[in-house]
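As structure tokens, the structure follows; a few thoughts come after it.
The values are calculated or read from the model by the stated rules, or taken from the named source; none is laboratory data. The structure displayed is predicted, hence computed values, not measured ones. As a convention, Cβ positions derive from the backbone with ideal geometry for all residues, glycine included, and neighbour counts pool all protein chains shown. The protein model used for the area step is the full one, side chains on, heavy atoms only, and it has no ligands, DNA or RNA in it. Shrake-Rupley method; radii C 1.70, N 1.55, O 1.52, S 1.80 Å.
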Amino acid sequence: MILAGAKGKKGNRYSYNVKLLALSLYNASPKCYRLLRKVFQLPCVSTLRSCLRHLQFEPGFQHDVLAALSRKLESLPDFVKDCVVVFDEMAIRESVSYDARLDRVSGLEDFGVYGTTKHVANHASAFLVRGLHSRWKQPFGFFFSSGTIAAPMLKNLVCDSFDALHKVGFRVKAFVCDQGTNNRLMMKKLGLTSSNPVLRRNDEDIHFFYDTPHLIKNIRNNLRKSGFIVDSQPVLWKFIQQFYEIDSSHPIRLAPKLSSKHINLPPFKAMSVKLATQVLSHSLGSGISLLSSIGKMSPHSLPTGRFCEKMDCVFNIFNSYSTHNANKFKRAFSSQTEQHHLQFLSDAQDWFGNFRLKRPLPCIEGWKQNICALQKLWDCAKVGHPTLCTSRLNQDCIENFFSLVRGRGGYRENPSTVEFVAAYRSLSVDFLFVQSAQSNCQADADVFALKLQDLSKAVGREAKSHQAGSQSVPSQTPVVTEDLVAVSLSPPQFSVVEGNMIVYLAGYLVRKALKKFPGCSSCVETIVSTESKLSISTLFLNAKLYDDSCHLLCPTSPVIEFVSRLEKVFRNLTPRFHTSGVMQSFIQAVGDSVDCSMGCCDAHMDTEKYVVQLFFIVRINHYLRDQNKDFKETNRRRNRKMMKLIHA
């Protein structure tokens, strides 16, 4: 790149690797990339955007991506196609905008082939597939919803993901999600229980797991809140606090990683997996046992110590990376560890069954389900592959993917739907992205299976039309399917302020139309008023005039009436903004309902069509901008507690 700096800015031919590096730098920090372009000869931003312009991803499953992935892996060993589907959701910012390319409003609930609704989306859901025995991963579907996806819809999407992967030759062995209420209801609708977490579909047994890091955090949180009764013995958080107070007073500590933030969790630290695993650890359990044996802690603390050691062993079995580890619980499933692991899991299943609870806890049921699913998965997987690394049965890969989405081009804790799609498009190929050092999840060693060149061949350069199915959406609220309300032929009534704004807007439209379509003198006289008469409807227009050389035009009465009727059609159309073809619906409604015209001659009717289209673009962007202001104000009220924490 330094040598290329001696060349001119035009006519350079950049290699694929240089473009890939440049895209990675630009996605990490656009500001930094602009600075580097002053030093090195790097592609301009428009060149980088052209590399991804043909990758037009829409909500739903990307079947072209799966087909390209299948072709990429077909020459590899058969076990590479054994895969795990990972599902998760993230909060996004409520924001709506008009997409002229697809002629629709973006930012609403969108379930792909199941259609859209009129509700504004505030959650993005993604499906990611990863190898069960090999280190590859690939996102292959996303959806937008208002709140978390309802269980009936989620059930359909999960089954569709299995069918899409099966269609291109993959064998789905497991499904992983967190313990959200909708996920648990979805499994219930599929007929799954903690003792039978296996779904038979496409002649394959699919084992359903809950995310292990979420389960260990929930165990810690319930221990802090109320404790447990295990084998008729109390397990209490106060003993962990007492151990920390004693241990922290010594210069050489039994549990050196334990700190005050483990005991008194600061805001948002309850989500940290590391803090939970360092508390429920073998070191802490051994330390409690020692202090109890020398009389510095009560003998009643021993069950708490044994509880921590037991949970550490259970978590380690579900977090194995290789067959070689000094800790036998951290070794992957193999013929050497099979007997030990299965015996321990059987004992752990009974141990969780001995918890005495006032009410069933989802995290306890989740551990029971995971243990049963892992036992059944190993019986199925060992036939085709000698080992099974259980770390591949968690959500870390998709959590890291969401982390990169938030960090693309800076920091967006809650991106909008447009920003999410742009980040998803960039992250779907193998770029050099770096995970944040403060990430809550451990960096996974998986690589994206598809390169930019693979997707370039798979995805057509022409953007596909958005597939809005005619099926009803089993969402929280039904899709609105009413016909457009017929616009009355009587002249619309507006207030004085609205009337002045319509006159001003009509003058703007006339000026733009005459600039694009220079009409004949008769058309100009018909649509532009030369009278300087001041009326109540032209007060604002005259106030905006600086001098006689100003480019503002005063429209004639027919134009004002025509634009007034367009405004009435637009207001009747707003309940239908969640459907596709918004501008086409508006133009059709104008043709059916508006019986007047601007008065242009027959040879210049294109001017009137242009005015109708330009009016719609101006009004819909203004309308959606006002909606976004309301969303920002609502979010500001919701985040008032957050602002207090930040400024405390």
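Per residue, how many Å² of accessible area does segment 251-392 show with a 1.4 Å probe?
Dividing the accessible area of segment 251-392 by its residue count gives 48 Å².
Highest mean first, what order results for 141-154, 263-276 on Cβ atoms within 10 Å?
141-154, 263-276
Where only protein heavy atoms count, and the probe is 1.4 Å, what is the accessible area per residue for segment 125-213 in Å²?
Working: 2670 Å² over 89 residues.
In whole numbers, segment 125-213 has 30 Å² accessible per residue.
Through the Karplus equation 6.51 cos²θ - 1.76 cosθ + 1.60, θ set to phi - 60°, convert the phi angles of segment 579-590 into ³J(HN,Hα) values in whole Hz; use x for Gly and Pro.
8, 7, x, 5, 5, 4, 5, 5, 4, 5, 5, 5
Which residues does the label zone of L35 cover in segment 381-414, counting backbone N under 14 Å from a point 7 Å along Cα→Cβ?
Under 14 Å, as judged by backbone N against the label point of L35, lie 410 of segment 381-414.
Ranking request for peptides 127-140, 162-175, 328-341: highest mean number of other beta-carbon atoms within 10 Å first, then the rest in descending order. Intermediate results must be reported in sequence, preceding the final value.
On the way: 127-140: 21.9, 162-175: 19.8, 328-341: 17.3.
Ranking, from highest mean packing down: 127-140, 162-175, 328-341.
Under the 0.36 nm per residue contour assumption, what length would be gained going from the current alpha-carbon distance of L185 and D379 to full extension? Walk me through the intermediate numbers first.
Values: separation 194, 0.36 × 194 = 69.84 nm, distance 2.70 nm.
Once the chain is fully extended between L185 and D379, it gains 67.1 nm.
Leaving out ligands, DNA and RNA, and with a 1.4 Å probe, what % of the accessible surface on segment 78-189 is carbon or sulfur? All intermediate terms of the calculation are to be shown ahead of the outcome.
Numbers: 1540 of 3050 Å².
About 50 percent, which is the carbon plus sulfur part of the accessible surface.
Report ³J(HN,Hα) in whole Hz for each residue of segment 156-172, in order, from the Karplus equation J = 6.51 cos²θ - 1.76 cosθ + 1.60 where θ = phi - 60°; Gly and Pro get x.
The phi angles translate into 5, 5, 4, 5, 5, 5, 5, 5, 5, 6, 5, 4, 9, x, 8, 10, 7 Hz.
State the percentage of accessible surface on segment 218-321 attributable to carbon and sulfur atoms; use a 1.4 Å probe and exclude ligands, DNA and RNA. Intermediate results must be reported in sequence, preceding the final value.
Details: 2680 of 4870 Å².
Of all accessible area on segment 218-321, carbon and sulfur atoms account for 55 percent.
Which entries of K269/K382; K217/K330; K217/K632; K38/K516 show an alpha-carbon separation above 30 angstrom in the structure shown? If you can, show how the numbers build up before the last one.
Details: K269/K382 38 Å; K217/K330 19 Å; K217/K632 32 Å; K38/K516 38 Å.
Long pairs (Cα-Cα over 30 Å): K269/K382; K217/K632; K38/K516.
Compute the accessible area per residue over segment 62-115, keeping the other protein chains in place, probe 1.4 Å, unit Å². Intermediate results must be reported in sequence, preceding the final value.
Details: 1860 Å² over 54 residues.
Heavy-atom accessible area per residue stands at 34 Å².
Scan around S146 for amide H atoms under 5 Å from its own, H built in the peptide plane at 1.01 Å from N, and keep only partners 5 or more places away or cross-chain.
Counting only residues 5 or more places away or on other chains, the set is N122.
Please work out the Cα center distance from segment 316-355 to segment 166-185, rounded to the nearest Å.
23 Å
What are the ³J(HN,Hα) couplings of segment 617-626, residue after residue, when phi is run through the Karplus curve with 6.51, -1.76, 1.60 and θ = phi - 60°? Round to Hz, x for glycine and proline.
Taking θ as phi minus 60°, the curve returns 4, 5, 6, 5, 5, 5, 5, 5, 5, 5 Hz for segment 617-626.
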